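Have a look at the structure below, then the notes.
The values are calculated or read from the model by the stated rules, or taken from the named source; none is laboratory data. Remember, it's a predicted structure, so these values are computed and weren't measured experimentally. Note that we place each Cβ from the backbone using ideal geometry, even for glycine, and neighbour counts take in every protein chain shown.
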Amino acid sequence: MKEYAPSIQKFSERLIAWSSTLHHVSIASKLEVSEIDESHLKVSIPVLSGAQAVSLNVTVEKDVFARVAIEPELLDDLFDASSHQLAIGIATAFYREYEVLFAHDFEQTEPELPDEEPTGYCRFCGRSAPAVTFAEDAHALPESVGNKVLFANHECDECNRHFGIEIEDHFGRWSNVQRTIFLVEGKTGMPNLTMKSGYVKPGHDLTEIKLSRDSMAAFDPGRTTVKIKLIRPSHIPVAVLKAFNKMALSIMPSSELVHFESTLRWIRNKDHAVRLDRPSSVLLSTFCPALESSNTRCLLLKRTSADMTKPYMTFVLAFGNFCYQIFLSAPADKQNAECHVTPYFYLYDSSRAAPSQSQMIDMGSSESKRNEEVTLTLRICGPIEQGRAS
Ligand SMILES: [Zn+2]
């Protein structure tokens with residue numbers, strides 16, 4: 001095995017560096033390599049995820065390690081495939097201790113909410129008819145992400161209107177870029193993005209992108225890809241976070257609501273500067289080029305073990321090629337203030353080795369965020385018009 005030692009060393013270093021960017025897991029600084037058969041090696045990687053220690057294995061062809069010195073790009077491919085396999089292994093270990101309370105694929109299954117309170121009771125403000133009315137259709141998830149079927153019978157008209165204006169509008173502006181680029185059909189058909197500096201307009205066969213400044217688009221030397229800068233409409237991050245929490249509370253079985261009374265009060269508070277006692281303001285955002293489908297999907301998971309270092313409950317929302325995840329603010333007897341988290345990976349196509357990119361975004365700010373730049377790399381497959389902005 002001596003002949004592969006430098007390649008194994010480089011490979012290990014990259015995996016360890018990659019794991020340090022994950023925040024939520026740690027992998028040992030030394031990986032064990034053993035021989036499986038004449039042509040394969042096994043790389044064993046000890047991983048600590050939450051309070052759990054697991055060992056994950058990656059199988060590598062000897063031949064690939066042997067050729068790395070002459071073809072360095074092989075190491076990139078190997079790293080991409082291995083980190084993808086590892087991410088799935090880490091998620092499998094992490095979510096073994098969770099049960100699905102509710103899951104829905106907006107293109108495939110008939111909706112069935114876990115349970116319903118007697119009609120005429122609002123779970124958000126605690127009031128009942130006739131003090132409040134229930135005449136309007138209250139969407140459990142926003143219509144902007146393609147929800148036309150999942151309604152919350154336990155949301156009064158007053159709360160419905162309040163959520164629409166105070167939080168879902170911010171969610172709509174924040175998600176505008178993602179929904180436009182990935183053609184997520186909402187209330188009024190395809191979304192589009194309008195900026196001072198141009199627009200993005202999806203059409204039947206192609207999406208038209210117009211940018212008024214050259215600095216907003218950069219072509220690679222071979223002109224196979226173009227990196228574009230889009231401007232996200234202004235929004236209040238914590239209002240977006242409240243919208244995610246509201247979705248989770250809408251699909252939650254009523255027996256669990258008792259643990260989230262402060263969250264129920266918090267999402268109804270117009271004053272976005274008022275924080276929760278035990279805020280959980282992380283939004284885990286994962287971009288994955290190899291999603292199994294781009295249908296909008298949602299999922300609510302509850303921890304089944306007593307491991308307080310892991311969040312008690314997590315809500316996942318996927319649309320386009322993005323998957324977003326929040327960790328609800330559970331009381332002190334349900335989870336520690338500091339929790340380990342890892343992306344929920346089962347929505348991704350595990351047979352393709354496309355590396356996904358996760359990032360933790362702090363959505364705790366109540367200050368309006370303006371002119372936030374979103375950079376996207378697009379593959380060019382048609383003619384490009386470049387000219388003066390008119
Ligand atoms: Zn209400």
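Please determine whether any residue of region 305-313 is of a type in the set (Phe, Trp, Tyr) and over 19 Å from His340 (Cβ atoms). Scanning region 305-313 turns up no residue that is of a type in the set (Phe, Trp, Tyr) and over 19 Å from His340 (Cβ atoms). No other residue among Ala243, Ala273 is part of a loop (DSSP other than H, G, I, E, B) and among the aliphatic types (A, V, I, L, M) apart from Ala273. For region 130-139, the candidate set comprises residues that are within 11 Å of the ligand (Cβ to nearest atom) and touching a residue at least 12 places away in the same chain (Cβ under 8 Å); within that set, the residue that is surrounded by the most Cβ atoms within 10 Å (Cβ to Cβ) is Ala138. Asp307 fulfils the conditions (1) over 21 Å from the mean Cα position of the chain (by Cα); (2) over 30 Å from Asp80 (Cβ atoms); (3) touching a residue at least 60 places away in the same chain (Cβ under 8 Å); (4) outside any loop (DSSP other than H, G, I, E, B) except for a single criterion, (4). If you go through region 330-341 and pick out every residue that is surrounded by 23 or more Cβ atoms within 10 Å (Cβ to Cβ) and either within 18 Å of the chain's Cα centre (by Cα) or more than 25 Å from Asp307 (Cα to Cα) (or both), you end up with 1.
Answer with yes or no whether Ala53 is closer than 24 Å to Gln335 by Cβ and surrounded by fewer than 14 Cβ atoms within 10 Å (Cβ to Cβ). So Ala53 passes the test.
Among the residues of region 115-128, is there at least one that is more than 16 Å from the ligand (Cβ to nearest atom), in a loop (DSSP other than H, G, I, E, B), surrounded by fewer than 17 Cβ atoms within 10 Å (Cβ to Cβ) and modelled with pLDDT under 95?
Restricting attention to region 115-128, the residues satisfying the condition of being more than 16 Å from the ligand (Cβ to nearest atom) are 115.
Still in the list and also in a loop (DSSP other than H, G, I, E, B): 115.
Within this subset, residues satisfying the condition of being surrounded by fewer than 17 Cβ atoms within 10 Å (Cβ to Cβ) are 115.
Now narrow it down to the ones that are modelled with pLDDT under 95: 115.
The answer is yes, given that some residue of region 115-128 is more than 16 Å from the ligand (Cβ to nearest atom), in a loop (DSSP other than H, G, I, E, B), surrounded by fewer than 17 Cβ atoms within 10 Å (Cβ to Cβ) and modelled with pLDDT under 95.
Among residues of region 163-179 that are at pLDDT 95 or above, those with a Cβ under 7 angstrom from a residue that is surrounded by fewer than 22 Cβ atoms within 10 Å (Cβ to Cβ) and of a type in the set (D, E, K, R), sequence gap 6+ or separate chain, pair up as Glu166/Lys270; Trp174/Arg232.
Across region 31-50, what is the total count of residues that are touching a Lys or Arg at 6+ places or on another chain (Cβ under 6 Å) and surrounded by fewer than 13 Cβ atoms within 10 Å (Cβ to Cβ)? Steps first, please.
Let us first name the residues in region 31-50 that are touching a Lys or Arg at 6+ places or on another chain (Cβ under 6 Å), namely 34, 36, 39, 41, 50.
Adding the requirement that they be surrounded by fewer than 13 Cβ atoms within 10 Å (Cβ to Cβ) leaves 34, 36, 39.
Here the count works out to 3.
For the criterion of being within 16 Å of the ligand (Cβ to nearest atom) and more than 23 Å from the chain's Cα centre (by Cα), Glu168 fails. State whether one or more residues within region 234-256 are within 16 Å of the ligand (Cβ to nearest atom) and charged (D, E, K, R). Yes.
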